[in-house]
Amino acid sequence: MRVRTTARGGTAVWLVVLALAQAAAFLLVWRVAVHTTPGQWIDTVALTGNRIGQSRIDGPVDRILNAMSVVSLLAATAVIGFIALIRGRKALAVTATLLIAGANVSTQLLKHSLTRPDFGIDPARAAVGNSLPSGHTAVAASVAVALILVLPPRVRAVGAFLGAGYAAAAGVATLSAGWHRPSDAVAAYLLVGIWAAVAGLVLLVFQRERAKISPADAHPKAAAVLGLGGALALVASALALLWLARLSDTPADELTRRPLFIGYAGSAAGIAGTIAVVAALVLALVHRLVPRHKG
């Protein structure tokens, strides 16, 4: 019993650390991207660069974004809850639903309460005000993370890759359509990651003392591949944006095609890399949160 309690306590500590780390990253993204001139400039360059090749991807982008609505979110939440219930996991069904609801409600509250100073970087969108975090991205990411939690172990890794891919496509689509700045999507992923950690703590509270955690249910290789791929994408994004920052004295609409493309592609890599890392962290811990044998 003491060994079981210690293992659960260690998992709880990791979840608290992850929640705090992602909260710190969220604040850093908000502070740099919204409240500094270089941050606003990079976001504006990425948005301006989305026009490169836009005519070729308008169709897929519109389909992805139009599929995200209140009705589709409710339907996805119902499906996720149903998957948990047919597995006999009532606490998991409630927790996954709360994760989705909490992530999306907090996204809307933050979007309308956070301020965005006007530094004259993007006058065309100045009237829009703050757009961080992205609501569409939060919808896709929260559903993807909740899906990882409720799926049975044998298909969990596949679900993690598919969910992360879908959430990444949604985040990049908001950038490609000109709906959101890249920092909006990254912030949404981090917010969902915070809620995932909170959901994990709730699951630990309801976890029975005699629950048996099986190492066979873990997916260390899949989590490592997903996390490493995300980390490499983040490194590529950082290198691209550091190169781009040398031109920060030039207005975004006066840049040539090459820096505009680097700004757009680098930001897209950062978007994809962030959700890959978040999904990898959830996949690495989910077997401890949802054991095969409830006890």
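The values are calculated or read from the model by the stated rules, or taken from the named source; none is laboratory data. Computed from a predicted model, the values in this text were never measured in an experiment. Quick reminder, even Gly has a Cβ in these numbers, built from the backbone with ideal geometry, and neighbours come from all protein chains shown.
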> Does LEU110 satisfy the criteria of being within 17 Å of VAL34 (Cα to Cα), surrounded by 16 or more Cβ atoms within 10 Å (Cβ to Cβ) and either among the charged types (D, E, K, R) or at pLDDT 95 or above (or both)?
Replying inline: yes
>> For a quick check of your reading: which helices (runs of 4 or more DSSP H) sit entirely within the range 85-196 and have at least 3 residues that are β-branched (Val, Ile, Thr) and farther than 25 Å from ALA268 by Cα?
In response: 90-113
>> What's the number of the only condition in (1) under 18 Å from the mean Cα position of the chain (by Cα); (2) buried (at least 22 other Cβ atoms within 10 Å of the Cβ); (3) aliphatic (A, V, I, L, M) that VAL290 fails to meet?
In response: (1)
>> PHE26 - would you say it is buried (at least 17 other Cβ atoms within 10 Å of the Cβ) and modelled with pLDDT of 95 or more?
In response: yes
> For residues in the range 94-107 being crowded, with 20+ Cβ neighbours inside 10 Å and hydrophobic (A, V, I, L, M, F, W, C), which is farthest from ARG292 (Cα to Cα)?
Replying inline: ALA103
> Which residue, of ASP249, ASP253, is in contact (Cβ under 8 Å) with a residue 60 or more places away in the chain, over 25 Å from GLY193 (Cα atoms), surrounded by fewer than 16 Cβ atoms within 10 Å (Cβ to Cβ) and out of contact with any Gly (no Cβ under 7 Å at 6 or more places or on another chain)?
Replying inline: ASP253
>> Give me the residue from the range 209-240 that is of a type in the set (A, V, I, L, M, F, W, C) and at pLDDT below 95 and, out of that set, nearest to TYR189 (Cα to Cα).
In response: ALA218
>> I'd like the residue in the range 152-203 that is β-branched (Val, Ile, Thr) and within 11 Å of the chain's Cα centre (by Cα) and, out of all such residues, is surrounded by the most Cβ atoms within 10 Å (Cβ to Cβ).
In response: VAL192
